[in-house]
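Enquirer: Take this structure first; my questions come after.
The values are calculated or read from the model by the stated rules, or taken from the named source; none is laboratory data. The model shown is predicted, which means the values in this text are computed figures rather than measured ones. Here the Cβ is made from the backbone with ideal geometry for all residues, glycine too, and neighbour counts use every protein chain on show. Accessible surface areas use protein heavy atoms only, side chains included; no ligands, DNA or RNA. Shrake-Rupley method; radii C 1.70, N 1.55, O 1.52, S 1.80 Å.
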Amino acid sequence: MARTYDSRKRVLVTGGAGFLGSHLIDRILADGHEVLCVDNLFTGSKRNIEHLHSNPRFDFIRHDVTFPLYVEVDEIYNLACPASPVQYQHDPVQTTKTSVHGAINMLGLAKRLKCRILQASTSEVYGDPTVHPQTEDYWGHVNPIGPRSCYDEGKRCAETLFFDYHRQNGLEIKVARIFNTYGPRMHRADGRVVSNFIIQALAGEPITLFGDGNQTRSFCYVSDLIDGLVRLMESPADFTGPVNLGNPVEFTMRELGELVLKETGSKSKFVNLPLPQDDPRQRQPDISLAKAKLGWEPKIKLKDGLKSTVKHFRDNDFLTSQDLRGRHAS
Ligand SMILES: NC(=O)c1ccc[n+]([C@@H]2O[C@H](COP(=O)([O-])OP(=O)(O)OC[C@H]3O[C@@H](n4cnc5c(N)ncnc54)[C@H](O)[C@@H]3O)[C@@H](O)[C@H]2O)c1
C-alpha cells in the first residue's frame, strides 16, 4: 500500500525474527509502514527476515529485551519469547526474565513514547483448563511450580504488568491470547505437534502420538492469526482485551496425524508414547469476543494450511527423527 511519509507509522516488533514476528512484519510492511525488528535470535533466525533487508522501510537490531531499549517508534508489538516447550524449558530462568523484564522494558518504552503496545500472550495462561471452551473471563488452572510454569506464569505476570501500566499510567494496551498457530517458517525441531508430524511423515518415520492420541487441539493458520493481531492493534482505544485469537475447530492428535499423512503421501505408522507432565487434554478458544469486537474469525481450513506448511518443510532442510528424540508435542 502506497503511503505518504506522514501517514506511515514506525512500528517496533520484538521477536520479529521468529515465526509469528516475521509474518507480522511482512504484513506491516505490506500495509505501507516502517518496521524496526528487535530480536536476540535465541529461537528466531536471520533467514526469516533475509528477504526484507533490501527494503528501506525495514531495520533490524540484535538486542535482548531483558535490557532496556531506547528507540523512537509509534507502536509496539511485543512478541519476544520462546514459544515451544523444548525452547522455553531450555533456560527457564531466562524465559521468565524475557516475559517479565521484557514486558517491563517495553511498557517503560511505551510509557515514555506515549504509544500503543500489544502483548503476545498465550492460551497457556489458562493452564490445564477446567472449562471448555475457554472464554477470556476464565482465570485458568495453572501449576506455578512445574516445568511449564516459567512460560505460563511469565506470560500471566506480563499480562498483570500490562493492565497495571494501563490503570496506573493510562497506557493504551492490547493483550492477545494466542492459541496454537502453525504455518511456513515455524521451527523445524521445536517439538510442537504440527512440525513433529510433518517431519516424521516426510522422513518416513513413525508418527508419535502421546497418550491415546485422543487429546484435542485447535490450530490457527498464521495469516489468520496475524490478521487478528493487526485488527486488535487498530481497535478502539477502550478495547484492551485480553482477547482470544485462535481457531475453535478441534482436531484430535490422531486426526491431525491422518491429515499430515494424506498431505505428505507418507506411509508412516502411528506409535503411542506416554503423555508429558502437565500436558493439557483439551484446549479450545471461545472467539466470540474477537468476532464481536474485531470482526475477526479464522478463514483457512487445516487441510489447506497444512498444504503450504508441508511445502515449506519440503523446500527447506529438515531434521530427522534422531533430532526429535525426547522432544514432546504441545
Ligand atoms: N506460535 C504459537 O502458536 C504461539 C501461541 C501462543 C503464544 N505465542 C506467542 O507469540 C510470540 C511469538 O511466538 P513464535 O511462535 O513466533 O515463537 P518464536 O520462537 O518463533 O519467536 C520468538 C522470537 O523471540 C525472540 N526472543 C526470545 N527471547 C528474546 C529476548 N530475550 N530478547 C529478544 N528477542 C527474544 C526469539 O529469538 C524469536 O525470534 C511469543 O511471545 C509466544 O509466546 C505463540
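Enquirer: In this structure, is residue 97 more than 11 Å from the ligand (Cβ to nearest atom), out of contact with any His (no Cβ under 9 Å at 6 or more places or on another chain) and not β-branched (Val, Ile, Thr)?
Expert: Working: more than 11 Å from the ligand (Cβ to nearest atom): no; out of contact with any His (no Cβ under 9 Å at 6 or more places or on another chain): yes; not β-branched (Val, Ile, Thr): yes.
So residue 97 does not fit the description; no.
Enquirer: Looking at the structure I just gave you, is residue 29 among the aliphatic types (A, V, I, L, M), at pLDDT 95 or above, near the ligand (Cβ under 7 Å from one of its atoms) and under 23 Å from residue 231 (Cα atoms)? If you could, list the steps in order and put the result at the bottom.
Expert: Numbers: among the aliphatic types (A, V, I, L, M): yes; at pLDDT 95 or above: yes; near the ligand (Cβ under 7 Å from one of its atoms): no; under 23 Å from residue 231 (Cα atoms): yes.
Judged against the criteria, residue 29 is not a match.
Enquirer: Right, another one. Run down 213, 191 and say which single residue is in a loop (DSSP other than H, G, I, E, B), open to solvent by less than 20 Å² (accessible area, probe 1.4 Å) and within 16 Å of the ligand (Cβ to nearest atom).
Expert: 191
Enquirer: Mind listing whichever residues of region 106-123 are near the ligand (Cβ under 10 Å from one of its atoms) and either at positive phi or in contact with a Leu (Cβ under 6 Å, 6 or more places away or on another chain) (or both)?
Expert: 120
Enquirer: Take the residues in region 51-88 that are polar (S, T, N, Q) and more than 13 Å from the ligand (Cβ to nearest atom); name whichever of them is least open to solvent (accessible area, probe 1.4 Å). Give the derivation first.
Expert: As a first pass, look at region 51-88 and keep what is polar (S, T, N, Q): 54-55, 66, 78, 84, 87.
Filter once more, so that each one left must be more than 13 Å from the ligand (Cβ to nearest atom): 54-55.
Numbers: 54: 108, 55: 38 Å².
Among residues in region 51-88 that are polar (S, T, N, Q) and more than 13 Å from the ligand (Cβ to nearest atom), the one least open to solvent (accessible area, probe 1.4 Å) is 55.
Enquirer: Restricting the search to region 226-241, which residues are closer than 24 Å to residue 30 by Cα, of a type outside the set (D, E, K, R) and in a loop (DSSP other than H, G, I, E, B)?
Expert: 235, 236, 237, listed by residue number.
Enquirer: Sticking with this structure for a sec: So if I check each of 234, 263, 255, which one is open to solvent by 50 Å² or more (accessible area, probe 1.4 Å), within 21 Å of the chain's Cα centre (by Cα) and not small (Gly, Ala, Ser)?
Expert: Selected residue: 234, the only one of 234, 263, 255 that is open to solvent by 50 Å² or more (accessible area, probe 1.4 Å), within 21 Å of the chain's Cα centre (by Cα) and not small (Gly, Ala, Ser).
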